[in-house]
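S.K.: Submitted below is the structure of interest, expressed as structure tokens.
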Amino acid sequence: MLSSSTKGRIIRRSEFTFAAFDWGRVAEPVGPAMGAEKVILTVVEVAPNAVWSLGWAFEEENVVVIFEGSGHGDVTSERTALRRGSALHSPTGRTLQLAADDNGLTAYVWRTKLLGLEPRGASPKTAGALTDSDVQLSSFSGIGEAPAEGDGALMNFVFWPGTGSARLCLHCGVQQPGQTFNVHVHPESEEAFIAFEGEGQLYLHDQWNDVEPGDVLFAPPGVPHGARNPHTGADAAAFTTCGGPTPFDPALYHAAGVSPDVK
């Protein structure tokens, strides 16, 4: 039988193990402890009016999504007001800082080491939001492994090669009632993404699993995964996910009809 790290895992928010610091606390649901080699996903909870800082990160790339709370974020000298759904991209060689206001804030932070051969963006985008919809992939039919089912969901590309990301990406999947972001695999990438909002299901271990906001999916290369919103009816709402494969998978951008080249 494959190990849990080889097959991937869904990590419930209730299972996170936090370490406490004077500024707040941090957990690492995805990292070397579970066999991840290409991506680390941490959850950073910044106490009210406190600051979390990441120093000069040479040969490292970081992406942040605000899950709860508000404040501001600095990518070196670029400051951005933060609220739920805000996103930051910290390219290699930049500092990253999150400052909470009176409400505190919770952020999911993706991290990866650059191998040194990746093209670097000339003027990378550093601030965005999960609602960014300038470039989208719609009605995704999957990448092998499983036949498409139901109506295809929509994916917003927030940070990706077209915005100057060298290795990481940030995609936001919006599964309206009855829609599916079809089961697929990434041959060379590790996938780490979260259930951000609404009620839905994530595919892993050959089955669909109910998840709640804040839960995390980790899929190693070659492991089928997907997302769907099985709910229908007048009271059904959208199910939103966010994250992406590390390193980014060019097949997704080819499917959207855009270039996978770093700009």
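S.K.: Look at segment 230-248 and say how many of its residues are at negative phi and in contact (Cβ under 8 Å) with a residue 60 or more places away in the chain.
M.R.: 10
S.K.: Name the strands (runs of 3 or more DSSP E) wholly within segment 12-101 that hold at least 3 residues that are hydrophobic (A, V, I, L, M, F, W, C)?
M.R.: 18-21, 24-30, 40-46, 51-54, 60-75
S.K.: Sticking with this one: Any idea which residue in segment 7-57 is farthest from residue 245 (Cα to Cα), counting only those that are of a type in the set (Asp, Glu) and surrounded by fewer than 18 Cβ atoms within 10 Å (Cβ to Cβ)?
M.R.: Filtering segment 7-57 for residues that are of a type in the set (Asp, Glu) and surrounded by fewer than 18 Cβ atoms within 10 Å (Cβ to Cβ), the one farthest from residue 245 (Cα to Cα) comes out as 22.
S.K.: Go through segment 212-224 and give me each residue that's surrounded by fewer than 23 Cβ atoms within 10 Å (Cβ to Cβ) and either part of a strand (DSSP E or B) or among the hydrophobic types (A, V, I, L, M, F, W, C) (or both).
M.R.: Answer for segment 212-224, where residues must be surrounded by fewer than 23 Cβ atoms within 10 Å (Cβ to Cβ) and either part of a strand (DSSP E or B) or among the hydrophobic types (A, V, I, L, M, F, W, C) (or both): just 223.
S.K.: State which residue is farthest from residue 159 (Cα to Cα) when the search covers only segment 85-101 and only residues that are of a type in the set (Ser, Thr, Tyr) and surrounded by fewer than 24 Cβ atoms within 10 Å (Cβ to Cβ).
M.R.: Per the stated criteria, the residue is 95.
Conditions tested, residue by residue: (1) of a type in the set (Ser, Thr, Tyr); (2) at pLDDT below 95; (3) not assigned by TED's automatic domain parsing to the domain that holds residue 13.
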position	(1), (2), (3)
189	yes, no, yes
196	no, no, yes
201	no, no, yes
207	no, yes, yes
210	no, no, yes
216	no, no, yes
220	no, no, yes
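S.K.: Right, next: Have a look at 227, 251 and point out the one that is touching a Pro at 6+ places or on another chain (Cβ under 9 Å) and either surrounded by 23 or more Cβ atoms within 10 Å (Cβ to Cβ) or touching a residue at least 40 places away in the same chain (Cβ under 8 Å) (or both).
M.R.: When all the criteria are applied, what remains is 251.
S.K.: Considering (1) at pLDDT 95 or above; (2) in contact with a Pro (Cβ under 8 Å, 6 or more places away or on another chain); (3) not assigned by TED's automatic domain parsing to the domain that holds residue 28, say which one residue 124 fails and leave the rest.
M.R.: (3)
S.K.: Residue check: is residue 261 part of a loop (DSSP other than H, G, I, E, B), surrounded by fewer than 20 Cβ atoms within 10 Å (Cβ to Cβ), touching a residue at least 40 places away in the same chain (Cβ under 8 Å) and not assigned by TED's automatic domain parsing to the domain that holds residue 8?
M.R.: yes
S.K.: Exactly one condition in (1) surrounded by 14 or more Cβ atoms within 10 Å (Cβ to Cβ); (2) at pLDDT 95 or above; (3) of a type in the set (D, E, K, R) is not met by residue 78; state its number.
M.R.: Every listed condition holds for residue 78 apart from (1).
S.K.: Do we have residue 69 as modelled with pLDDT of 95 or more, of a type outside the set (A, V, I, L, M, F, W, C), over 21 Å from residue 247 (Cα atoms) and in contact with a Gly (Cβ under 7 Å, 6 or more places away or on another chain) here?
M.R.: When the stated conditions are applied, residue 69 passes them.
S.K.: Something else: With the structure loaded, tell me whether residue 256 is surrounded by fewer than 23 Cβ atoms within 10 Å (Cβ to Cβ) and hydrophobic (A, V, I, L, M, F, W, C) or whether it fails that test.
M.R.: So residue 256 passes the test.
The values are calculated or read from the model by the stated rules, or taken from the named source; none is laboratory data. Computed from a predicted structure; not experimentally measured. No Cβ is skipped: glycine too gets one built from the backbone with ideal geometry, and neighbour counts run over all protein chains shown.
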